[in-house]
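First up is the structure itself, then whatever we jot down about it.
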Amino acid sequence: MLKIAPSLLACDFAELKQEVTRVKESGADILHFDVMDGQFVPNISIGLPILESLRKVTDMTIDTHLMIENPEQMIDAFCEAGSDMVSVHFEATPHIHRAIQQIKAHDKLAGVVINPGTPVESLSQILGDVDFVLIMTVNPGFGGQSFIESTLNKITWLDEYRNEHNLNFEIEVDGGVNEETGALCKAQGADILVAGSYYFKHEDYKEPVHKLKGD
Ligand code: DX5
Ligand code: ZN
């Protein structure tokens, strides 16, 4: 069953509690929480105080996407602040295996993320250790960018890899997802679609959930 993860980056932060309530009522499955440090990506977004406040007002699964350098330094804090899923970029640390184990030590779901320019085959040594893989379908740092179609074959590759090796990590995609690009990702085997600007531009948030799920 396809899961939808609205990216809060595109919500109205002045109305955060109400936005989260509306997201839950829309039938979305996961809250995607984008953390940017102005170093790993050329933008700064939201961090620990907002995550802590959010945790107090929702029981939804919170998926923290760390777009930061030295992720090991912050993993414990983001786990303790209330994340249920935490992902780190393959490009952000020479010690991706250690970073994944650090997330798992908190009993959180651990994910590895790759940028559009990183070959998916680079992940083969870590795929047996992760709960999910996040494929960036735009260059991280900003919402509202166009989907990069050449990333689609990474989903296909991962789906085949997990079947061949009897693994059950989930495949998540992030960036430029709308009803057309979302359908392409789903057809290749994606399990979780992150959607920011497309989702939050709707008046009624149930609409993008129905359209993305294709029901
Ligand atoms: C981009 C973030 C995304 C972003 C997606 O760096 O990781 O989660 O919010 O936004 P859209 O769906 O507008 O591309
Ligand atoms: Zn993200």
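The values are calculated or read from the model by the stated rules, or taken from the named source; none is laboratory data. On a predicted model such as this, the values are computed, not experimentally measured, just so you know. Cβ sites come from the backbone with ideal geometry, for glycine too, and all protein chains shown count toward neighbours. Heads up: the accessible areas ignore ligands, DNA and RNA and are worked out on the full protein's heavy atoms, side chains in. Shrake-Rupley method; radii C 1.70, N 1.55, O 1.52, S 1.80 Å.
Observations on the structure shown:
- Among the criteria (1) away from ligand 1 (no atom under 12 Å from the Cβ); (2) under 19 Å from Leu184 (Cα atoms), the one Asp107 does not fulfil is (2).
- Arg55 under 21 Å from Asn178 (Cα atoms) and open to solvent by 20 Å² or more (accessible area, probe 1.4 Å): no
- Region 174-185 residues that are of a type in the set (Asp, Glu), paired with ones that are buried (at least 18 other Cβ atoms within 10 Å of the Cβ) and assigned to a loop (DSSP other than H, G, I, E, B) (beta carbon under 7 Å, 6 or more apart): Asp174/Thr137
- Selection over region 110-145 of residues that are away from ligand 2 (no atom under 12 Å from the Cβ), under 13 Å from Glu91 (Cα atoms) and either at pLDDT below 95 or surrounded by fewer than 19 Cβ atoms within 10 Å (Cβ to Cβ) (or both) gives a count of 5.
- Taking every residue in region 188-209 that is open to solvent by 10 Å² or more (accessible area, probe 1.4 Å) and pairing it with any residue that is among the charged types (D, E, K, R), at least 6 positions away or on another chain, the pairs with Cβ-Cβ distances below 6 Å are Gly189/Asp159; Asp191/Glu170; Tyr205/Arg22.
- The set of residues in region 62-114 being basic (Lys, Arg) and more than 27 Å from Lys24 (Cα to Cα) consists of Arg98 alone.
Yes or no, residue by residue, for (1) under 14 Å from Met136 (Cα atoms); (2) at pLDDT below 95; (3) in a loop (DSSP other than H, G, I, E, B):
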| residue | (1), (2), (3) |
| --- | --- |
| Arg162 | no, no, no |
| Asn168 | no, no, yes |
| Ile171 | yes, no, no |
| Leu184 | no, no, no |
| Val194 | yes, no, no |
| Tyr198 | no, no, no |
| Glu203 | no, no, yes |
